[in-house]
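Reviewing the structure listed below.
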Amino acid sequence: VRKVIMGKPIKTVSFDLWDTVFIDDSDEPKRAAAGLPPKSIQRRQLVQQFLERHTPVSRELIDRCYDTTDAAFREVWYGQNVTWPVRVRLAVLLQGLGRKLPENELAELVRLHEDMELEVKPDLLPGVGEALESIKGKYKLAVISDAIFSPGRALRELLQHYGLLHYFDYFVFSDEVGYSKPDPRAFHAVAKNTGCTLAEIVHLGDREAKDIAGPHAVGARGILVPIAKDRGGPNSKADAVCRDFRDLSKILQKLE
């Protein structure tokens, strides 16, 4: 078990977003209540609608190609620390279908994918706004977030909608920088742009491999956040565990 680093100053606190600030898929009950299909179904419906403006295509074939593209995305995400932007994902999907769309229609299809979580928004984790308020000014604050369907542009809009954008001094979104956690460049970028050393960064997130092992690999610290989903388990090597955001300020003080 990794020895917890205590007594070192903290200058920057970085946050994962999904299941750390936003509750992933908390928009799905809202969609259902509004009579909307799940996001995964609506994406496939959109592809079919756009393609059938030109030539019929079976939903079975779209599902098969979408499943294959999703599998390829995950392989690259976890194997190469890269998250394909939505345009790339759809280009791979269309290539698998042997189809093309006019540029203006492809751009619209991409936008509809990217903005889906802006139209029906996910919820915040309880207390995260108050926690950010409690530590703002004591530390530089950053975001390090993998962008799956919602790009950095949309994630900034979500943060702005909830009044949280102004808390953060720097952002690393995987679709914008070309790499995703646990790539060391994410943490190096935060250190460079917030004026600290890697050892002075504490990162918060819900995934052991990305949010704990990632910062540890570069000499930073990691706090596991199992509030939305407990993915860490009893063998987590996190320097601390935050089960309630009301405790975050005290946890950071203890680490110092």
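Taking all protein chains in place and a 1.4 Å probe, what share, in percent, of the accessible surface of the chain do carbon and sulfur account for? Using a 1.4 Å probe with all protein chains present, the chain comes out at 53 percent carbon and sulfur. In a simple Cβ point-charge model (Lys, Arg +1; Asp, Glu -1; nothing else charged), segment 56-140 has a dipole of about 340 debye relative to its Cα centre. Dipole of segment 72-215 computed with +1 at Lys/Arg Cβ and -1 at Asp/Glu Cβ about the Cα centre; of Met116, Tyr167, Ala213, farthest Cα towards the positive end is Ala213.
When each of the peptides 53-61, 151-159, 66-74, 31-39 is scored by the mean number of other C-beta atoms lying within 10 Å of its residues, the order from highest to lowest reads 151-159, 66-74, 31-39, 53-61.
Placing a label point 7 Å from the Cα of Asp123 along the Cα-to-Cβ direction, the residues of segment 15-47 with a backbone N closer than 17 Å are 18-34.
For segment 64-162, the alpha carbon convex hull comes to 133 Å³ per residue, rounded to a whole number. Simple point charges give the picture: +1 on the Cβ of Lys and Arg, -1 on the Cβ of Asp and Glu, and for the chain a dipole about the Cα centre of about 680 debye.
Quarter the surface of the alpha carbon convex hull of segment 11-102 and you get the mean projected area, 8.5 square nanometres. Per-residue Karplus couplings for segment 77-91, computed as 6.51 cos²θ - 1.76 cosθ + 1.60 with θ equal to phi - 60°, are listed in order as 4, 7, x, 10, 6, 10, 10, 4, x, 4, 4, 5, 4, 5, 5 Hz, Gly and Pro entered as x. Suppose R0 equals 35 Å; then what is the FRET efficiency for Val177 and Gln49 from their Cβ-Cβ distance, rounded to the nearest 0.05? The calculated FRET efficiency here is 0.60. Protein heavy-atom accessible surface, 1.4 Å probe, per residue over the chain: 46 Å². Between the Cα long axis of helix 103-114 and the first principal axis of the chain there is an angle of about 40°, rounded to the nearest 10.
The values are calculated or read from the model by the stated rules, or taken from the named source; none is laboratory data. Quantities reported herein were computed from a predicted structural model and do not represent experimental measurements. Don't worry about glycine lacking a Cβ; one is built from the backbone with ideal geometry, like all the others, and counts go over all protein chains shown. What goes into the accessible areas is simple: the full protein's heavy atoms, side chains included, and nothing from ligands, DNA or RNA. Shrake-Rupley method; radii C 1.70, N 1.55, O 1.52, S 1.80 Å.
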